[in-house]
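The values are calculated or read from the model by the stated rules, or taken from the named source; none is laboratory data. The model shown is predicted, which means the values in this text are computed figures rather than measured ones. Here the Cβ is made from the backbone with ideal geometry for all residues, glycine too, and neighbour counts use every protein chain on show.
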Amino acid sequence: MLEIDNLKQELKRINNEAAKIRELPVEKRADFGKKVNARRQEILEKISEVERAMLDTAVEPIDITAWSGVNEPMPEFYPTEMGSLHPLMAEFDRVVEIYQMMGFDVVEARQLDDEYHMFDSLNFAKEHPARDGYDTFRTEEGFIPPAHTSTMQHRVLKEYRKNLEAGREIAVVVPGRVFRNEDVDATHEHTFYQCEGVYVSEDCSMSNMLGILREFFEKYYEQKLNIRTQPGYFPFTEPSLEFMIEKPKSLGGKKGDYLEMLGCGMIHPNVLKMAGIDPEKYHGFAWGGGIDRLVMLRYGLDDVRYFESGNLKFLREF
Ligand code: DAH
């Protein structure tokens, strides 16, 4: 039992004892009263002492500069330091800036979406096995943490349709965080980042798309690159391509070392139609690719798990 509880019980006992004074013969009462009162005074003082001590510890201020380096032993002396942007976020800024310089608007993706934007608005047929390629999570209410930034395509097309009506093009990139039900290993994470691009105009073509993508990758890696495409399949593009770059020598690549960087293609007429855009009049292309992979190549990282690890030793290298 706590000290304070013991003291309070003792006080109660003394008070009961004091009540017995009436049972005593008159000549003994004064002496008895004095003794009991002295004892009661002693206990009351102890109680307020303990209460004061309890109050002192309760209001002791929290030391917000206390050591919190979970990955490292506590040093004898440590300076407090400013935090910094996570390397992925810093790279994201770079990516978005390159697209902005090319004239693209930026719309941030959601981290919780629904069946319609994840699948239906992207021309995934009901029950089509292509849905299985995007094995993601679901909340109990049926919402979906998006498996790709393409979930934003429908919203972007609808929102920016007015550009077309005003005789201009739609040119938007969508950075976002995405989620997949992956077995995590050096090249797979359940949480990662993508950047989506959407372009629509009256007369754009596949070669415009390849030009934009080449420009982006050459700016990002600050050098000329060899590019290549191969056929792919996505329900929301037709035709669909996988876009590859030859791994530059400066980043440890050999001739013929091609890396798939993103998926892309001409936006499927059904996707345009669902957003209220006439596919007879307008054409569009779209692409989406992982940011983690882009950054890993730039810095020669071999394990995607570093990014989500919260490992300060890793983070401080940037
Ligand atoms: N969302 C696709 C993925 O994560 C990539 C992609 C392919 C995005 C084609 C696009 C596109 O916008 O047109 O696998």
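I'm trying to understand the selection: among the residues of the range 222-250, which are assigned to a strand (DSSP E or B) and within 14 Å of the ligand (Cβ to nearest atom)? Show your work before the answer.
Step one: filter the range 222-250 for residues assigned to a strand (DSSP E or B), giving 227-231, 237-246.
Answer for the range 222-250, where residues must be assigned to a strand (DSSP E or B) and within 14 Å of the ligand (Cβ to nearest atom): Thr229, Gln230, Pro231, Thr237, Glu238, Pro239, Ser240, Leu241, Glu242, Phe243, Met244.
Taking the options Gly284, Gly253, Gly276, Gly263, name whichever one is outside any helix (DSSP H, G or I), more than 26 Å from Asp183 (Cα to Cα) and within 15 Å of the ligand (Cβ to nearest atom). Quick ask: steps written out before the conclusion?
On the way: Gly253 fails: within 15 Å of the ligand (Cβ to nearest atom); Gly276 fails: within 15 Å of the ligand (Cβ to nearest atom); Gly263 fails: more than 26 Å from Asp183 (Cα to Cα).
On inspection, the qualifying residue turns out to be Gly284.
For the subset of the range 1-50 comprising residues that are surrounded by fewer than 12 Cβ atoms within 10 Å (Cβ to Cβ) and not in a helix (DSSP H, G or I), which member is modelled with the highest pLDDT?
Pro25
Find the residue count for the range 295-318, including only residues that are more than 20 Å from Ser84 (Cβ to Cβ) and either of a type in the set (Asp, Glu) or in a helix (DSSP H, G or I) (or both).
3
Of all residues in the range 296-318, which are crowded, with 19+ Cβ neighbours inside 10 Å and either within 16 Å of the ligand (Cβ to nearest atom) or under 16 Å from Val178 (Cα atoms) (or both)?
Val304, Phe307
Residues that are within 16 Å of the ligand (Cβ to nearest atom), assigned to a loop (DSSP other than H, G, I, E, B), at pLDDT 95 or above and under 26 Å from the mean Cα position of the chain (by Cα): does the range 151-168 have at least one?
There is no residue in the range 151-168 that is within 16 Å of the ligand (Cβ to nearest atom), assigned to a loop (DSSP other than H, G, I, E, B), at pLDDT 95 or above and under 26 Å from the mean Cα position of the chain (by Cα).
What's the number of the only condition in (1) within 16 Å of the ligand (Cβ to nearest atom); (2) modelled with pLDDT of 95 or more that His188 fails to meet?
Against the list (1) within 16 Å of the ligand (Cβ to nearest atom); (2) modelled with pLDDT of 95 or more, His188 comes up short only on (2).
Can you list residue pairs whose Cβ atoms sit under 7 Å apart, with the first residue in the range 108-126 being not assigned by TED's automatic domain parsing to the domain that holds Asn270 and the second being surrounded by fewer than 18 Cβ atoms within 10 Å (Cβ to Cβ) and outside any helix (DSSP H, G or I)? Count only pairs 6 or more apart in sequence or on different chains.
As it stands, the answer is none, since no pair meets every condition given.
Is it true that Ile291 is buried (at least 16 other Cβ atoms within 10 Å of the Cβ), at pLDDT 95 or above, closer than 21 Å to Leu85 by Cβ and within 16 Å of the ligand (Cβ to nearest atom)?
yes
Do you know which residues across the range 203-234 are polar (S, T, N, Q) and in contact (Cβ under 8 Å) with a residue 12 or more places away in the chain?
In the first step, residues of the range 203-234 are kept if they are polar (S, T, N, Q); the result is 205, 207-208, 223, 226, 229-230.
The answer is Ser205, Asn208, Gln223, Asn226, Thr229, Gln230.
Applying the selection to the range 112-150, what residues are at pLDDT below 90, more than 17 Å from Tyr233 (Cβ to Cβ) and within 12 Å of the ligand (Cβ to nearest atom)?
Hit for the range 112-150 is Thr136, nothing else.
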